[in-house]
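Single-structure report; data block below.
Coordinate-derived values only; no laboratory data. Computed from a predicted structure; not experimentally measured. Counting neighbours? That spans all protein chains shown, and the Cβs are built from the backbone with ideal geometry, glycine included.
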């Protein structure tokens, strides 16, 4: 890896594009280096993972809403087939999760609908460093463009894998070096540029075009973190989908010759100077050398449980304590539960956030998903975690749960903060130490470093686990034949032909989507 130094430059310095981060990103995106077999295998895993969590969310209101917006932008395939312009006739649109594969919409709207479906349950992959990210958010926009432009560009499954590998690489490299949350900027500001770069790799676009698209995508996707603070709204699921949609549109504009604010990162009125660490800031962003394989996806990790990633290990610890100490489920036996953990876990999903909503039994699912006191309590009482039942209003309002929940607090522990930020994979940790004081005066202490499903955990996720997760979440949502069809296509991704890319979607069982109310808006 090569470190690209990024700092603010005045207009008088006239920073050449060769010295700009957006240009360096474009250079990575245009590098024709082959994808390694282990990366290709992991891309397949994450395509399956995304489809799994999308299947489980198909009837949830934000997903229904986003899908209805996308379907208002259907492409009239019958008319396209009759066009005399060969280039126009080859543009066949993109699929939408839940709908038949023959239903095609404009790719930016597919990126939108599918992105919301993937993010709604907060149940797919994660990477945590200086910034947080869900790099699987790159897959919906890159896949949408691949389907739409497959025939025109002669794209195959191999091209899609290359594009996804770039998306993961850029988002993870940016998240490694540049903190957004420290300045209350939402983490999807790294996703717009990464998705644009991934699409650029997919289509084999020149560096100049990708450079302009990266700048546009960043400029249009910087927003505050209020979407993940206090009473968390349904926009939490829409924010990454919006970034993916903007990336598609940025690529389209750049392909037409439109330019972007330059230098977007380093300018004296740019992102770093005014939204991040200010005029004196300096970052070293690690990027692959020319000819170096893009392997960042291997540093990311998926979720076994439908909850914020920092909760994964603590859910595993809670279910371990449930089995070893069943008496802890009764609040009458517990005086206090203190979770010693990292700065991020304490301040974002713990009591250090000072969000009273994190202790509110009537809080939204999105808020409970960001409340480790709630999550730990339910996992401790139930011995596990369920993506629907654990968030049900009646579950959150159960009197014994509320009583125990109010006894759970978090505190920052410097050791766990250091481990959270460690660059050594063997030391990096996202868990904590739990101290439980019982009413009889005794104390129970236990700790966990990483989730069981983590590559260094007790039961690392492999292909069989991804497939099992898909089958579990798709049960009752997709017909058995559709489950098997999708898995066959997904596992053949590296060798898919151009006309098979449209099979990378899932169709709901008959009548399922008709059973939910579809909202009406402007479109």
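At a glance:
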quantity	calculated
Expected 222 nm ellipticity per residue - DSSP helices of 4 or more, -39500 (n - 2.57), all of the chain, to 500	-13000 deg cm²/dmol
Cα-based helix-to-principal-axis angle, 157-177 vs the chain, degrees rounded to 10	50 degrees
Segment residue 459-residue 509, length gained on full extension (0.36 nm per residue, minus Cα span)	14.8 nm
Two-decimal Rg to Rh for segment 204-257 - Kirkwood Rh, Cα set	1.12
The chain: angle of helix 37-56 to the longest principal axis, Cα-based, in degrees nearest 10	70 degrees
Relative exposure of 358, 428, judged by other C-beta atoms within 10 Å (fewest first)	428, 358
DSSP-defined antiparallel bridges as percent of all bridges, segment 309-448, nearest 5	70 percent
Nearest 10 degrees, 0 to 90: helix 21-30 Cα axis against the chain principal axis	70 degrees
Packing-based exposure ordering (other Cβ within 10 Å, fewest first) of 385, 109	385, 109
Ranking of 245, 295 by count of other Cβ atoms within 10 Å, fewest first	295, 245
